[in-house]
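FYI, it's all coordinate maths here, none of it is from the lab. These numbers were taken from a predicted model, which means no experiment stands behind them. Quick reminder, even Gly has a Cβ in these numbers, built from the backbone with ideal geometry, and neighbours come from all protein chains shown.
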């Protein structure tokens with residue numbers, strides 16, 4: 001049998017091919033190792049309280065509105081609640097979509113439905129709106145204007161862009177905040193604004209106007 005001998009050039013080319021293949025293999029393995037090192041470690045599973053349905057801001061959490069869901073600890077949001085008992089009775093400070101985690105920043109204290117929504121350093125103040133029912137929703141903002149009588153009547157804006165915490169519908173013949181008709185508004189205000197509103201309520205006639213949605 002005739003065997004063809006490899007030329008020196010063929011041997012060199014074959015050797016270069018082997019070296020190039022080995023180098024490529026080493027590079028690929030090194031790249032894969034770097035990707036593996038960058039991959040986040042999910043950690044062990046933990047139980048997280050999530051909304052069992054869409055929940056609205058200001059609603060109180062009960063047993064039927066939340067559930068436990070297990071997820072890797074690395075993916076659990078900061079401040080997540082891990083027990084249904086810790087969530088029940090708390091009032092939501094913002095809307096929650098179904099499956100969204102309940103965190104300590106999303107809920108208020110275990111107090112009443114208004115007090116649990118009042119942030120530290122602020123107050124809740126009630127004014128009559130003088131507006132038809134259904135015009136406003138919690139989260140909307142309003143301006144409060146006062147008209148003062150006397151020898152020289154004048155009108156002044158007492159406060160602007162006040163956030164509505166909740167709306168209290170009034171039945172006919174019941175107390176109307178500030179003597180105004182229509183639903184009463186529970187507004188989030190500073191202590192200084194609360195004093196100004198109280199003074200305006202005592203000596204003037206309040207009027208509520210609706211501020212734009214982006215008012216601050």
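Remarks
- Calculated on alpha-carbon atoms, Rg and Dmax of the range 42-110 in Å: 11.1, 34
- Judged by the gyration tensor of its Cα atoms, with axes a ≥ b ≥ c, the range 133-172 is oblate; a/c meets the 1.5 cut and b/c is at least as large as a/b.
- In terms of its C-alpha gyration tensor, the range 118-210 comes out oblate, because a/c is 1.5 or above while a/b does not outweigh b/c.
- Highest to lowest packing among 186-192, 149-155, scored as the average C-beta count within 10 Å: 186-192, 149-155
- Sequence ranges 71-84, 93-106, ranked by mean other-Cβ count within 10 angstrom, highest first: 93-106, 71-84
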